[in-house]
Amino acid sequence: MSVIAWIVIGLIAGAIAKAILPGRANFGIILTAVLGILGGLVGGWLGVVIFGVGVAGFFSLSTWICAIVGSVILLGLYGMITGRTAHHGGRHQHA
């Protein structure tokens, strides 16, 4: 696949990963896109190394699953490191 295809997959996988993560992640769109692209690459690499699943092409289900899983991992790790994993917003209730 071309670099542009990986960028597109990463952008979409990053958006899906952000929607999957619990709570409201307080990431900007650029950070989500960068982590999504990197996550797509990490997920593709993990799919090949650990599971022997080759990246078959842009429309391959295994490509998308690996990219989304990699993006969830990276977004989750980034959120844990920076303390931005779950922001529940709204008012605090006092007892």
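What FRET efficiency comes out for Phe51 versus Ile4 if R0 is 35 angstrom and r is the Cβ-Cβ distance? Round to the nearest 0.05.
Efficiency, rounded to the nearest 0.05: 0.85.
Starting from 0.36 nm per residue, how many nanometres of slack lie between Phe58 and Ile16 once their C-alpha separation is accounted for?
13.5 nm
Each value in this text was obtained by applying a stated rule to the coordinates, not by laboratory testing. What you see is a predicted model; the values in this text were computed from it and never measured. Ideal geometry is used to build each Cβ from the backbone, glycine not excepted, and the neighbour counts take in all protein chains shown.
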